[in-house]
1. Just name the residue that is surrounded by the fewest Cβ atoms within 10 Å (Cβ to Cβ) out of those in segment 66-123 that are assigned to a loop (DSSP other than H, G, I, E, B), touching a residue at least 24 places away in the same chain (Cβ under 8 Å) and in contact with a Leu (Cβ under 8 Å, 6 or more places away or on another chain).
2. Does LEU130 fit the bill of being within 26 Å of the chain's Cα centre (by Cα), of a type outside the set (Ser, Thr, Tyr) and part of a helix (DSSP H, G or I)?
3. Condition (residue is among the basic types (Lys, Arg), surrounded by fewer than 17 Cβ atoms within 10 Å (Cβ to Cβ) and in contact with a Gly (Cβ under 7 Å, 6 or more places away or on another chain)) applied to segment 40-61: is it met by at least one residue?
4. State whether the residues of segment 178-196 include one that is modelled with pLDDT of 95 or more, in a helix (DSSP H, G or I) and out of contact with any Gly (no Cβ under 6 Å at 6 or more places or on another chain).
5. Take segment 294-310 and flag every residue that is surrounded by 10 or more Cβ atoms within 10 Å (Cβ to Cβ) and either of a type in the set (Lys, Arg) or more than 17 Å from ALA228 (Cβ to Cβ) (or both).
6. Determine which single condition ALA287 fails, assuming it passes every other condition in (1) of a type outside the set (Asp, Glu); (2) assigned to a loop (DSSP other than H, G, I, E, B); (3) closer than 26 Å to GLY180 by Cα.
7. Looking for whichever is in a strand (DSSP E or B) and without any contact (Cβ under 8 Å) to a residue 40 or more places away in the chain here; the options are PHE298, PHE246, PHE206, PHE223. Which one fits?
Amino acid sequence: MNIVGLDTLVFGVDDMPGSRQYLLDYGLDEVRFDPAVGGSYAALDGTCITIRHAADPSLPPLPPGAHSPCLRETIYGVADEATLAAIQAELAKDRPAERGADGVLRAMDDGGFAIGFQTTIRKPYTARFLGFNVPGQPPGRAPNDCAANPDEVIKPRTLSHLVYFVPDVAKAEAFYARLGFITTDRFNHLGPFMRPAGTQDHHTLFMIQRFNDHMVGCNHFTFHLGSASEVLQHGWEFVRKGYKSFWGPGRHILGSNYFWYFNSPFGAVMEVDADMDIHDDSWVPRACDPGKDNSQIFLFNAAPKWAPGE
């Protein structure tokens, strides 16, 4: 099934003004906003976050054990109408799967999360080419093209991945495998990293086995930036604006993506990431025990700026 990736994440929020400002500071473009209803905020390719009031009765139910604010719906983009029909036929074998007036095919997954599928809203976009000068390789940037720009406007390029806490990780993994998701790697006794068939990104979905009542809903979500430098510079600006760093900056081992996580008003941590591995069908999944040494190859903390002589 040609599911190409995440199109939209829908959150029910308690602090509408704060949520709106957070997404604008994160660098997403405001597509629409009505304080009485909510808004939508897009990356360069059109993938987006939608925020609505947590009490909005039209929102899908909360995941089991969760409370607001929280992720309320995950909508995947698919390649074409034939893929939508195939997904509907598969889901209808054991659960309601109906299309809404907006054309989105909706159902519930086996972890209690509301999911949807639509012909993808992803679109081509233009952004600065990011080249790197590496000894022994042809120059990645032309002479006199300076990479460090303190005034650079850094924009999220595409919705990358999200992470669920689930009550039965084996059951949840089997459900997404039915839809053509491929397990790329896993943490033993914790959960799998999975990618849908329409992307080679290391993962679009990671699921974590719940061990206590605090592990509910969405753990985190993120958009891809263009480079490690963008993660560091954008994260630095986020800290400067007063947002609290949760984890990072650093680089993961499984997926190899650079990361920086921040607390957010969405009931989940929001990350910026870049340079994720891609895999084809010849890839052999790895398995390792969870823990600090397997979670990141390195980790730093932001410190105040410094200069020699000060």
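The values are calculated or read from the model by the stated rules, or taken from the named source; none is laboratory data. What you are looking at is a predicted structure, and each value in this text was computed from that prediction instead of being measured. Ideal geometry is used to build each Cβ from the backbone, glycine not excepted, and the neighbour counts take in all protein chains shown.
1. Among residues in segment 66-123 that are assigned to a loop (DSSP other than H, G, I, E, B), touching a residue at least 24 places away in the same chain (Cβ under 8 Å) and in contact with a Leu (Cβ under 8 Å, 6 or more places away or on another chain), the one surrounded by the fewest Cβ atoms within 10 Å (Cβ to Cβ) is SER68.
2. Values: within 26 Å of the chain's Cα centre (by Cα): yes; of a type outside the set (Ser, Thr, Tyr): yes; part of a helix (DSSP H, G or I): no.
No.
3. Of the residues in segment 40-61, the ones among the basic types (Lys, Arg) are 52.
Now restrict to residues that are surrounded by fewer than 17 Cβ atoms within 10 Å (Cβ to Cβ): none.
For segment 40-61, residues among the basic types (Lys, Arg), surrounded by fewer than 17 Cβ atoms within 10 Å (Cβ to Cβ) and in contact with a Gly (Cβ under 7 Å, 6 or more places away or on another chain): absent.
4. Within segment 178-196, one or more residues are modelled with pLDDT of 95 or more, in a helix (DSSP H, G or I) and out of contact with any Gly (no Cβ under 6 Å at 6 or more places or on another chain).
5. Selection gives ASN294, SER295.
6. Of everything listed in (1) of a type outside the set (Asp, Glu); (2) assigned to a loop (DSSP other than H, G, I, E, B); (3) closer than 26 Å to GLY180 by Cα, ALA287 misses just condition (2).
7. Details: PHE298 fails: without any contact (Cβ under 8 Å) to a residue 40 or more places away in the chain; PHE206 fails: without any contact (Cβ under 8 Å) to a residue 40 or more places away in the chain; PHE223 fails: without any contact (Cβ under 8 Å) to a residue 40 or more places away in the chain.
The unique qualifying residue is PHE246.
Every residue, every condition in (1) more than 25 Å from GLY267 (Cα to Cα); (2) in contact with a Gly (Cβ under 8 Å, 6 or more places away or on another chain), yes or no:
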residue	(1), (2)
LEU130	yes, yes
GLN137	yes, no
GLU152	yes, no
VAL169	no, yes
GLU173	no, yes
GLN200	yes, no
LEU205	no, no
HIS214	no, no
HIS220	no, no
